[in-house]
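A quick write-up on the structure given underneath.
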Amino acid sequence: MLGTEKHQTLSNYKLGLDFAKELDQNDELSYYRNQFHIPKDNNGKELIYLCGNSLGLQPKATKSYIDQELKDWANLGVEGHTEAKNPWLPYHEFLTESLSKTVGAKPIEVITMNTLTINLHLMMVSFYKPTQERYKIVIEADAFPSDKYAVESQLRHHGFDDKKGLILWKAREGEELLHYEDLETIMDQHGHEIALVMLGGVNYYTGQYFDLKRITNLGHKYGCMVGFDCAHGAGNVELNLHDSGADFAVWCTYKYLNSGPGSLAGAFVHERHAYDKTLNRFTGWWSHNKETRFNMRHEFDLLPGAEGWQLSNPPILSLAAIRSSLDIFNEVGIKKLIKKSRKLTGYFEFLLKQLGEDTIRIITPSNHEERGCQLSIQVINADKKLFERLTASGVISDWREPDVIRCAPVPLYNSYQDVYEMVERLKDILNE
Ligand SMILES: Cc1ncc(COP(=O)(O)O)c(C=O)c1O
(Lines give C-alpha, C1' and ligand atoms only; values in the text may rest on other atoms or scores of the structure.)
Protein backbone atom coordinates (compact mmCIF):
# COMPACT_ATOMS: atom_id res chain seq x y z
CA MET A 1 0.00 0.00 0.00
CA LEU A 2 2.35 2.77 1.15
CA GLY A 3 5.66 1.85 -0.38
CA THR A 4 7.87 -0.53 1.56
CA GLU A 5 5.90 -1.65 4.59
CA LYS A 6 8.77 -1.62 7.03
CA HIS A 7 7.21 -0.93 10.39
CA GLN A 8 9.58 -0.03 13.11
CA THR A 9 9.49 -2.07 16.22
CA LEU A 10 7.88 -0.44 19.22
CA SER A 11 8.76 -3.31 21.53
CA ASN A 12 12.17 -1.81 22.40
CA TYR A 13 10.57 0.91 24.44
CA LYS A 14 9.44 0.78 28.06
CA LEU A 15 6.95 2.71 30.14
CA GLY A 16 7.82 5.10 32.97
CA LEU A 17 9.84 8.24 33.57
CA ASP A 18 13.02 6.34 34.40
CA PHE A 19 13.15 4.93 30.90
CA ALA A 20 12.75 8.43 29.38
CA LYS A 21 15.62 9.63 31.59
CA GLU A 22 17.75 6.68 30.57
CA LEU A 23 17.15 7.46 26.89
CA ASP A 24 18.15 11.07 27.49
CA GLN A 25 21.30 10.01 29.31
CA ASN A 26 22.34 7.80 26.42
CA ASP A 27 21.43 10.38 23.78
CA GLU A 28 24.58 11.48 21.94
CA LEU A 29 22.78 14.63 20.72
CA SER A 30 21.45 15.72 24.14
CA TYR A 31 24.18 18.38 24.27
CA TYR A 32 22.43 20.34 21.52
CA ARG A 33 19.29 21.10 23.52
CA ASN A 34 21.31 23.60 25.48
CA GLN A 35 22.32 25.32 22.25
CA PHE A 36 18.72 26.54 21.84
CA HIS A 37 16.48 28.94 23.72
CA ILE A 38 13.60 26.87 25.11
CA PRO A 39 10.47 29.02 25.66
CA LYS A 40 9.27 29.29 29.27
CA ASP A 41 5.93 29.84 31.00
CA ASN A 42 5.15 32.84 33.25
CA ASN A 43 6.84 31.11 36.17
CA GLY A 44 10.05 30.59 34.25
CA LYS A 45 9.41 26.86 33.74
CA GLU A 46 10.42 25.42 30.39
CA LEU A 47 7.48 24.66 28.12
CA ILE A 48 7.26 21.39 26.24
CA TYR A 49 7.85 22.73 22.78
CA LEU A 50 6.72 20.30 20.08
CA CYS A 51 6.06 22.85 17.37
CA GLY A 52 9.24 22.85 15.28
CA ASN A 53 7.05 21.85 12.34
CA SER A 54 5.65 25.37 12.48
CA LEU A 55 8.44 27.54 13.89
CA GLY A 56 11.79 26.13 14.96
CA LEU A 57 13.48 27.39 18.12
CA GLN A 58 16.21 30.00 18.19
CA PRO A 59 19.80 28.76 18.39
CA LYS A 60 21.63 30.69 21.11
CA ALA A 61 24.41 31.41 18.61
CA THR A 62 22.08 33.23 16.20
CA LYS A 63 22.36 36.50 18.11
CA SER A 64 26.13 36.63 17.72
CA TYR A 65 25.88 35.85 13.98
CA ILE A 66 23.43 38.74 13.52
CA ASP A 67 25.35 41.02 15.90
CA GLN A 68 28.45 40.56 13.78
CA GLU A 69 26.64 41.91 10.73
CA LEU A 70 25.06 44.78 12.71
CA LYS A 71 28.52 45.67 14.01
CA ASP A 72 30.06 45.62 10.55
CA TRP A 73 27.21 47.68 9.18
CA ALA A 74 27.65 50.23 12.02
CA ASN A 75 31.41 50.44 11.54
CA LEU A 76 31.74 50.06 7.80
CA GLY A 77 28.53 51.21 6.17
CA VAL A 78 28.53 50.34 2.49
CA GLU A 79 32.12 49.08 2.67
CA GLY A 80 30.75 46.05 4.49
CA HIS A 81 29.82 44.57 1.13
CA THR A 82 33.49 43.80 0.62
CA GLU A 83 35.20 44.57 3.98
CA ALA A 84 32.89 42.98 6.56
CA LYS A 85 34.34 40.01 8.45
CA ASN A 86 31.95 37.96 6.32
CA PRO A 87 31.65 40.14 3.21
CA TRP A 88 28.04 40.68 2.20
CA LEU A 89 28.50 40.38 -1.55
CA PRO A 90 29.27 36.66 -1.45
CA TYR A 91 27.47 36.08 1.90
CA HIS A 92 24.98 33.53 0.57
CA GLU A 93 27.90 31.39 -0.56
CA PHE A 94 28.86 30.81 3.10
CA LEU A 95 25.64 28.77 3.38
CA THR A 96 25.92 26.77 0.18
CA GLU A 97 27.89 23.77 1.36
CA SER A 98 26.00 23.14 4.60
CA LEU A 99 22.65 23.70 2.90
CA SER A 100 23.46 21.34 0.05
CA LYS A 101 24.47 18.62 2.54
CA THR A 102 21.33 19.14 4.60
CA VAL A 103 18.99 18.62 1.65
CA GLY A 104 21.14 16.07 -0.19
CA ALA A 105 22.06 18.21 -3.18
CA LYS A 106 25.15 19.42 -5.01
CA PRO A 107 26.32 22.95 -4.20
CA ILE A 108 25.39 24.18 -7.68
CA GLU A 109 21.81 23.01 -7.10
CA VAL A 110 20.84 25.11 -4.07
CA ILE A 111 20.21 28.72 -3.23
CA THR A 112 18.76 30.65 -0.29
CA MET A 113 16.49 33.47 -1.46
CA ASN A 114 13.04 35.07 -1.14
CA THR A 115 10.28 33.20 0.68
CA LEU A 116 8.76 29.84 -0.09
CA THR A 117 5.68 30.74 -2.11
CA ILE A 118 7.68 33.24 -4.15
CA ASN A 119 10.26 30.57 -4.92
CA LEU A 120 7.49 28.20 -5.94
CA HIS A 121 6.26 30.79 -8.44
CA LEU A 122 9.78 31.41 -9.76
CA MET A 123 10.25 27.68 -10.26
CA MET A 124 6.94 27.44 -12.08
CA VAL A 125 7.97 30.29 -14.37
CA SER A 126 10.74 27.94 -15.50
CA PHE A 127 9.26 24.48 -15.10
CA TYR A 128 5.57 24.94 -15.80
CA LYS A 129 5.48 25.29 -19.56
CA PRO A 130 1.88 24.57 -20.52
CA THR A 131 0.57 23.98 -24.01
CA GLN A 132 -3.07 23.63 -25.11
CA GLU A 133 -2.69 19.83 -25.02
CA ARG A 134 -0.54 19.54 -21.90
CA TYR A 135 -1.28 22.12 -19.22
CA LYS A 136 -2.61 20.32 -16.13
CA ILE A 137 -0.96 20.28 -12.71
CA VAL A 138 -1.17 17.46 -10.13
CA ILE A 139 -1.16 18.34 -6.44
CA GLU A 140 -2.25 16.49 -3.27
CA ALA A 141 -5.97 16.98 -2.60
CA ASP A 142 -4.89 18.21 0.82
CA ALA A 143 -1.94 20.31 -0.31
CA PHE A 144 -0.91 23.25 1.83
CA PRO A 145 -3.28 26.11 0.87
CA SER A 146 -0.49 28.43 -0.32
CA ASP A 147 0.67 25.78 -2.81
CA LYS A 148 -2.86 25.32 -4.10
CA TYR A 149 -3.40 29.05 -4.49
CA ALA A 150 -0.03 29.37 -6.23
CA VAL A 151 -0.67 26.65 -8.82
CA GLU A 152 -4.25 27.87 -9.43
CA SER A 153 -2.93 31.34 -10.12
CA GLN A 154 -0.31 29.93 -12.52
CA LEU A 155 -3.08 28.16 -14.44
CA ARG A 156 -5.09 31.38 -14.67
CA HIS A 157 -1.98 33.35 -15.57
CA HIS A 158 -1.51 31.11 -18.59
CA GLY A 159 -5.18 31.49 -19.58
CA PHE A 160 -6.44 28.12 -18.32
CA ASP A 161 -9.39 27.25 -16.12
CA ASP A 162 -8.06 26.67 -12.61
CA LYS A 163 -10.64 23.97 -11.87
CA LYS A 164 -10.17 21.98 -15.07
CA GLY A 165 -6.42 22.38 -14.90
CA LEU A 166 -5.96 20.98 -11.41
CA ILE A 167 -5.79 17.23 -10.81
CA LEU A 168 -6.03 16.19 -7.19
CA TRP A 169 -4.30 13.11 -5.79
CA LYS A 170 -6.89 12.14 -3.21
CA ALA A 171 -6.98 9.83 -0.22
CA ARG A 172 -9.43 6.95 -0.49
CA GLU A 173 -12.80 7.10 1.23
CA GLY A 174 -12.31 6.99 5.02
CA GLU A 175 -8.49 7.27 4.77
CA GLU A 176 -6.01 10.10 5.14
CA LEU A 177 -2.81 8.74 3.60
CA LEU A 178 -2.21 8.70 -0.13
CA HIS A 179 -1.59 5.54 -2.17
CA TYR A 180 1.03 5.56 -4.93
CA GLU A 181 -1.18 3.28 -6.99
CA ASP A 182 -3.76 6.07 -7.20
CA LEU A 183 -1.15 8.49 -8.50
CA GLU A 184 -0.13 5.86 -11.05
CA THR A 185 -3.75 5.61 -12.19
CA ILE A 186 -3.95 9.39 -12.55
CA MET A 187 -0.78 9.40 -14.64
CA ASP A 188 -2.01 6.50 -16.71
CA GLN A 189 -5.25 8.28 -17.55
CA HIS A 190 -4.07 11.90 -17.79
CA GLY A 191 -0.26 11.78 -18.11
CA HIS A 192 -0.34 13.22 -21.64
CA GLU A 193 -2.28 16.29 -20.38
CA ILE A 194 -0.14 16.93 -17.32
CA ALA A 195 2.64 19.53 -17.49
CA LEU A 196 3.67 19.51 -13.84
CA VAL A 197 3.50 17.23 -10.79
CA MET A 198 3.94 19.44 -7.72
CA LEU A 199 3.65 17.76 -4.32
CA GLY A 200 4.61 18.42 -0.73
CA GLY A 201 7.70 16.31 0.07
CA VAL A 202 6.19 15.69 3.51
CA ASN A 203 2.48 16.47 3.67
CA TYR A 204 1.90 19.24 6.20
CA TYR A 205 -1.26 17.68 7.64
CA THR A 206 -0.64 13.94 7.81
CA GLY A 207 3.16 14.04 8.00
CA GLN A 208 3.33 11.44 5.20
CA TYR A 209 6.78 11.57 3.60
CA PHE A 210 6.59 10.67 -0.06
CA ASP A 211 9.09 8.69 -2.05
CA LEU A 212 10.44 11.59 -4.10
CA LYS A 213 12.38 9.38 -6.48
CA ARG A 214 9.46 7.12 -7.21
CA ILE A 215 7.18 10.08 -7.91
CA THR A 216 9.82 11.81 -10.04
CA ASN A 217 10.41 8.70 -12.14
CA LEU A 218 6.69 8.32 -12.60
CA GLY A 219 6.21 11.95 -13.67
CA HIS A 220 9.19 11.88 -16.01
CA LYS A 221 7.96 8.66 -17.60
CA TYR A 222 4.92 10.62 -18.78
CA GLY A 223 6.96 13.63 -19.91
CA CYS A 224 5.98 15.86 -16.97
CA MET A 225 8.13 18.21 -14.90
CA VAL A 226 8.28 17.27 -11.22
CA GLY A 227 8.76 19.61 -8.25
CA PHE A 228 8.35 19.37 -4.48
CA ASP A 229 7.49 21.74 -1.67
CA CYS A 230 9.83 20.53 1.06
CA ALA A 231 8.76 22.97 3.78
CA HIS A 232 8.16 20.02 6.12
CA GLY A 233 11.11 18.02 4.81
CA ALA A 234 14.15 20.30 4.95
CA GLY A 235 16.06 19.57 8.16
CA ASN A 236 13.53 16.87 9.08
CA VAL A 237 14.10 13.99 6.66
CA GLU A 238 16.96 12.95 4.44
CA LEU A 239 15.65 14.47 1.23
CA ASN A 240 18.39 13.33 -1.17
CA LEU A 241 17.13 15.88 -3.64
CA HIS A 242 19.83 15.31 -6.24
CA ASP A 243 19.29 11.55 -6.35
CA SER A 244 15.53 11.97 -6.45
CA GLY A 245 15.99 13.50 -9.92
CA ALA A 246 13.31 16.12 -9.23
CA ASP A 247 13.43 19.14 -11.49
CA PHE A 248 13.04 21.56 -8.61
CA ALA A 249 12.21 21.86 -4.93
CA VAL A 250 11.50 24.73 -2.57
CA TRP A 251 11.36 25.00 1.22
CA CYS A 252 11.21 27.50 4.03
CA THR A 253 13.88 27.71 6.71
CA TYR A 254 11.81 28.82 9.69
CA LYS A 255 10.52 25.35 10.58
CA TYR A 256 13.10 22.59 11.04
CA LEU A 257 15.94 24.85 9.91
CA ASN A 258 15.39 27.18 12.90
CA SER A 259 16.11 30.46 11.14
CA GLY A 260 13.40 32.69 12.66
CA PRO A 261 9.93 33.85 11.65
CA GLY A 262 9.51 34.69 7.97
CA SER A 263 13.19 34.08 7.23
CA LEU A 264 14.47 33.47 3.71
CA ALA A 265 13.61 30.25 1.89
CA GLY A 266 15.53 27.72 -0.18
CA ALA A 267 15.35 26.42 -3.71
CA PHE A 268 16.84 23.44 -5.51
CA VAL A 269 17.21 23.16 -9.26
CA HIS A 270 18.57 19.89 -10.54
CA GLU A 271 22.07 20.02 -12.00
CA ARG A 272 20.82 18.99 -15.44
CA HIS A 273 19.18 22.43 -15.73
CA ALA A 274 22.18 24.33 -14.36
CA TYR A 275 23.55 25.59 -17.68
CA ASP A 276 20.31 25.72 -19.65
CA LYS A 277 19.96 29.27 -20.90
CA THR A 278 16.81 28.46 -22.87
CA LEU A 279 14.66 27.94 -19.78
CA ASN A 280 12.12 30.68 -19.32
CA ARG A 281 12.80 32.59 -16.11
CA PHE A 282 12.48 35.92 -14.38
CA THR A 283 15.81 37.66 -13.90
CA GLY A 284 17.36 40.53 -11.98
CA TRP A 285 20.87 41.81 -11.37
CA TRP A 286 21.57 38.99 -8.90
CA SER A 287 21.00 36.39 -11.65
CA HIS A 288 23.77 38.06 -13.62
CA ASN A 289 27.40 36.86 -13.76
CA LYS A 290 29.05 37.87 -10.47
CA GLU A 291 32.30 38.91 -12.12
CA THR A 292 30.69 41.60 -14.23
CA ARG A 293 27.55 42.42 -12.22
CA PHE A 294 28.87 45.82 -11.19
CA ASN A 295 29.98 46.86 -14.65
CA MET A 296 26.33 47.80 -14.90
CA ARG A 297 25.90 48.36 -18.62
CA HIS A 298 26.67 44.86 -19.80
CA GLU A 299 24.18 42.72 -21.64
CA PHE A 300 22.62 40.14 -19.35
CA ASP A 301 24.94 37.19 -18.68
CA LEU A 302 23.22 34.40 -16.74
CA LEU A 303 24.78 32.81 -13.65
CA PRO A 304 24.76 29.00 -13.90
CA GLY A 305 23.02 26.82 -11.33
CA ALA A 306 20.37 27.65 -8.76
CA GLU A 307 22.08 31.00 -8.10
CA GLY A 308 20.83 32.08 -11.51
CA TRP A 309 17.29 32.20 -10.12
CA GLN A 310 18.15 35.00 -7.66
CA LEU A 311 16.72 38.40 -8.47
CA SER A 312 17.82 40.76 -5.72
CA ASN A 313 20.68 41.24 -3.33
CA PRO A 314 19.60 39.25 -0.26
CA PRO A 315 18.89 40.42 3.32
CA ILE A 316 22.09 39.66 5.19
CA LEU A 317 20.52 39.59 8.68
CA SER A 318 18.24 36.76 7.62
CA LEU A 319 21.09 34.91 5.92
CA ALA A 320 23.13 35.28 9.12
CA ALA A 321 20.36 33.59 11.13
CA ILE A 322 20.14 30.73 8.62
CA ARG A 323 23.91 30.37 8.62
CA SER A 324 24.01 30.01 12.40
CA SER A 325 21.46 27.21 12.23
CA LEU A 326 23.05 25.46 9.25
CA ASP A 327 26.38 25.46 11.08
CA ILE A 328 24.71 23.27 13.73
CA PHE A 329 23.29 20.96 11.07
CA ASN A 330 26.69 20.74 9.49
CA GLU A 331 28.31 19.86 12.81
CA VAL A 332 25.76 17.16 13.69
CA GLY A 333 25.17 15.79 10.18
CA ILE A 334 21.76 14.83 8.83
CA LYS A 335 22.34 11.08 9.32
CA LYS A 336 22.79 11.34 13.10
CA LEU A 337 19.80 13.62 13.30
CA ILE A 338 17.58 11.20 11.45
CA LYS A 339 18.77 8.35 13.66
CA LYS A 340 17.71 10.16 16.82
CA SER A 341 14.57 11.47 15.18
CA ARG A 342 13.34 7.96 14.40
CA LYS A 343 14.03 6.80 17.93
CA LEU A 344 12.39 9.84 19.55
CA THR A 345 9.28 9.76 17.36
CA GLY A 346 9.09 5.98 17.74
CA TYR A 347 9.07 6.45 21.52
CA PHE A 348 6.37 9.11 21.20
CA GLU A 349 4.26 6.74 19.10
CA PHE A 350 4.79 3.94 21.62
CA LEU A 351 3.57 6.11 24.51
CA LEU A 352 0.58 7.47 22.59
CA LYS A 353 -0.48 3.96 21.67
CA GLN A 354 -0.71 3.13 25.39
CA LEU A 355 -3.66 5.54 25.55
CA GLY A 356 -5.67 3.06 23.53
CA GLU A 357 -6.88 2.96 19.97
CA ASP A 358 -10.38 3.96 21.02
CA THR A 359 -8.89 7.24 22.31
CA ILE A 360 -6.04 8.14 19.99
CA ARG A 361 -5.55 7.71 16.27
CA ILE A 362 -2.22 8.59 14.73
CA ILE A 363 -2.75 9.36 11.07
CA THR A 364 0.94 9.70 10.24
CA PRO A 365 2.44 6.51 8.75
CA SER A 366 3.99 4.21 11.34
CA ASN A 367 6.77 3.20 8.97
CA HIS A 368 9.65 5.53 9.82
CA GLU A 369 10.73 5.69 6.18
CA GLU A 370 7.43 7.33 5.37
CA ARG A 371 7.51 10.09 7.96
CA GLY A 372 9.76 12.63 9.64
CA CYS A 373 9.47 13.58 13.30
CA GLN A 374 5.90 14.87 13.17
CA LEU A 375 2.96 12.82 14.40
CA SER A 376 -0.54 13.99 13.52
CA ILE A 377 -2.88 12.89 16.26
CA GLN A 378 -6.63 12.63 16.23
CA VAL A 379 -8.27 12.32 19.62
CA ILE A 380 -11.54 10.49 19.21
CA ASN A 381 -14.61 12.62 19.98
CA ALA A 382 -12.46 15.61 20.95
CA ASP A 383 -12.53 19.12 19.59
CA LYS A 384 -10.25 22.13 19.72
CA LYS A 385 -10.95 22.57 23.45
CA LEU A 386 -8.75 19.58 24.19
CA PHE A 387 -5.89 21.19 22.28
CA GLU A 388 -6.45 24.41 24.23
CA ARG A 389 -6.23 22.53 27.52
CA LEU A 390 -3.08 20.84 26.34
CA THR A 391 -1.60 24.25 25.57
CA ALA A 392 -2.68 25.56 28.97
CA SER A 393 -0.86 22.60 30.55
CA GLY A 394 2.40 23.84 28.99
CA VAL A 395 2.58 21.76 25.81
CA ILE A 396 3.13 23.81 22.65
CA SER A 397 1.87 21.91 19.60
CA ASP A 398 -0.50 23.02 16.89
CA TRP A 399 -4.02 22.38 15.77
CA ARG A 400 -5.05 21.92 12.17
CA GLU A 401 -8.70 21.89 11.22
CA PRO A 402 -10.78 19.83 11.33
CA ASP A 403 -9.41 17.59 14.11
CA VAL A 404 -5.66 17.12 14.17
CA ILE A 405 -3.04 17.98 16.78
CA ARG A 406 0.37 18.08 15.14
CA CYS A 407 3.35 17.39 17.40
CA ALA A 408 6.93 17.34 16.23
CA PRO A 409 9.62 16.19 18.64
CA VAL A 410 12.68 17.75 17.04
CA PRO A 411 15.87 15.73 17.55
CA LEU A 412 18.11 18.78 17.95
CA TYR A 413 16.36 20.22 20.97
CA ASN A 414 13.61 17.92 22.19
CA SER A 415 14.29 15.32 24.86
CA TYR A 416 12.72 11.95 25.55
CA GLN A 417 11.41 13.50 28.76
CA ASP A 418 9.58 16.16 26.72
CA VAL A 419 7.76 13.43 24.89
CA TYR A 420 7.05 11.51 28.10
CA GLU A 421 5.67 14.65 29.79
CA MET A 422 3.48 15.51 26.81
CA VAL A 423 1.77 12.14 26.90
CA GLU A 424 1.36 12.32 30.70
CA ARG A 425 -0.35 15.70 30.42
CA LEU A 426 -2.58 14.51 27.61
CA LYS A 427 -3.49 11.48 29.72
CA ASP A 428 -4.38 13.71 32.70
CA ILE A 429 -6.59 15.89 30.51
CA LEU A 430 -8.35 12.86 29.05
CA ASN A 431 -8.95 11.48 32.56
CA GLU A 432 -10.38 14.72 33.94
C1 LIG B 1 3.89 23.13 3.15
C2 LIG B 1 3.91 24.62 3.14
N3 LIG B 1 3.93 25.25 1.96
C4 LIG B 1 3.94 26.59 1.89
C5 LIG B 1 3.95 27.37 3.04
C6 LIG B 1 3.92 28.86 2.89
O7 LIG B 1 5.14 29.42 3.20
P8 LIG B 1 5.50 30.96 3.00
O9 LIG B 1 4.50 31.77 3.77
O10 LIG B 1 6.86 31.07 3.61
O11 LIG B 1 5.47 31.26 1.56
C12 LIG B 1 3.95 26.75 4.29
C13 LIG B 1 3.96 27.54 5.53
O14 LIG B 1 3.86 27.06 6.63
C15 LIG B 1 3.93 25.32 4.33
O16 LIG B 1 3.89 24.67 5.50
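The values are calculated or read from the model by the stated rules, or taken from the named source; none is laboratory data. Note that the structure is a prediction, hence the values are computed from the model and not measured. Methodologically, a virtual Cβ is constructed for each residue, glycine included, from the backbone with ideal geometry; neighbour enumeration extends over all protein chains shown. To get the accessible areas, we keep the full protein, side chains included, count just its heavy atoms, and leave off ligands, DNA and RNA. Shrake-Rupley method; radii C 1.70, N 1.55, O 1.52, S 1.80 Å.
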Cα shape, region 176-280, gyration tensor, a/c 1.5 rule:
oblate
Using Cα-Cα distances under 8 Å and only pairs 6 or more residues apart, what relative contact order does the chain have, in percent?
24
Asserting the computed 222 nm helical MRE of the chain (DSSP H runs at least 4 long, -39500 (n - 2.57) per run, divided by residue count, to nearest 500) equals -11000 deg cm²/dmol
Between rounded, prolate and oblate, where does region 1-140 land on the alpha carbon gyration tensor, with a ≥ b ≥ c its root eigenvalues, rounded for a/c under 1.5, else prolate if a/b exceeds b/c?
oblate
Tail fraction, Cα-Cα pairs, region 289-340, threshold 18 Å, whole percent
56
Which residue fluctuates the most in the chain, going by a Gaussian network model with Cα springs under 10 Å, if the choices are ASP147, ASP188, ASP403?
ASP188
Using a cut-off of 12 Å between beta-carbons, work out the net charge of the residues near ASN381 (Lys and Arg +1, Asp and Glu -1, ASN381 not included).
-1
Using only protein heavy atoms and a 1.4 Å probe, report how much of LYS14 is accessible, in Å² to the nearest 10.
120
The chain, accessible surface, carbon-and-sulfur percent (1.4 angstrom probe)
50
Per residue, how large is the accessible surface of region 231-374? Use a 1.4 angstrom probe and give square angstrom.
39
Just to be sure I understand the curve: with the Debye formula and one point per C-alpha of region 101-220, what is log10 I(q)/I(0) at q = 0.11 Å⁻¹?
-0.38
What does region 194-245 give for Rg and for Dmax, in Å, if only its C-alpha atoms count?
10.7, 30
In terms of modelled amide H atoms, which long-range or inter-chain residues lie less than 5 Å from the amide H of LYS255?
GLY56
With θ taken as phi - 60° and the coefficients 6.51, -1.76 and 1.60, list the Karplus ³J(HN,Hα) couplings across region 234-244 in order, rounded to whole Hz; mark glycine and proline as x.
4, x, 10, 10, 7, 6, 6, 4, 4, 5, 5
So which residue, out of VAL78, VAL332, VAL197, gets the largest mean-square fluctuation from a GNM of the chain using Cα contacts under 10 Å as springs?
VAL78
Debye calc, one equal point scatterer per Cα of the chain, no solvent, log10 I(q)/I(0) at q = 0.06, 0.08 1/Å comes to -0.26, -0.47
Between LEU122, LEU199, LEU386, which gets the highest mean-square fluctuation from a Gaussian network model of the chain, Cα cutoff 10 Å?
LEU386
Can you list residues whose amide H is under 5 Å from GLY200's amide H, if they're 5+ apart or on another chain and H is modeled 1.01 Å from N?
GLU140, ASP229
Does region 300-432 come out rounded, prolate or oblate, given a ≥ b ≥ c as the square roots of the eigenvalues of its C-alpha gyration tensor, rounded meaning a/c under 1.5 and, failing that, prolate meaning a/b above b/c?
prolate
Tell me, what HN-Hα J-couplings in whole Hz come from the Karplus equation 6.51 cos²θ - 1.76 cosθ + 1.60 at θ = phi - 60° for each residue of region 298-315, using x for Gly and Pro?
6, 5, 4, 10, 5, 6, x, x, 4, 4, x, 9, 5, 10, 10, 6, x, x
Enumerate the lysines that LYS60 could reach by cross-link, defined here as Cα to Cα under 19 Å, with residues fewer than 8 away along the same chain left out.
LYS40, LYS45, LYS71, LYS255
Summed residue charge, Cβ within 10 Å of GLU28's Cβ, Lys/Arg positive, Asp/Glu negative:
+2
Residue by residue through region 81-91, what is 3J(HN,Hα) from phi via Karplus (6.51 cos²θ - 1.76 cosθ + 1.60, θ = phi - 60°)? Round to whole Hz and write x for glycine and proline.
4, 10, 9, 4, 3, 10, x, 6, 4, x, 3
How high is the relative contact order of region 289-432, in percent, counting Cα pairs under 8 Å that sit 6 or more residues apart?
21
FRET efficiency for LEU317 and ASP162, Cβ-Cβ distance as r, R0 = 30 Å, nearest 0.05?
0.20
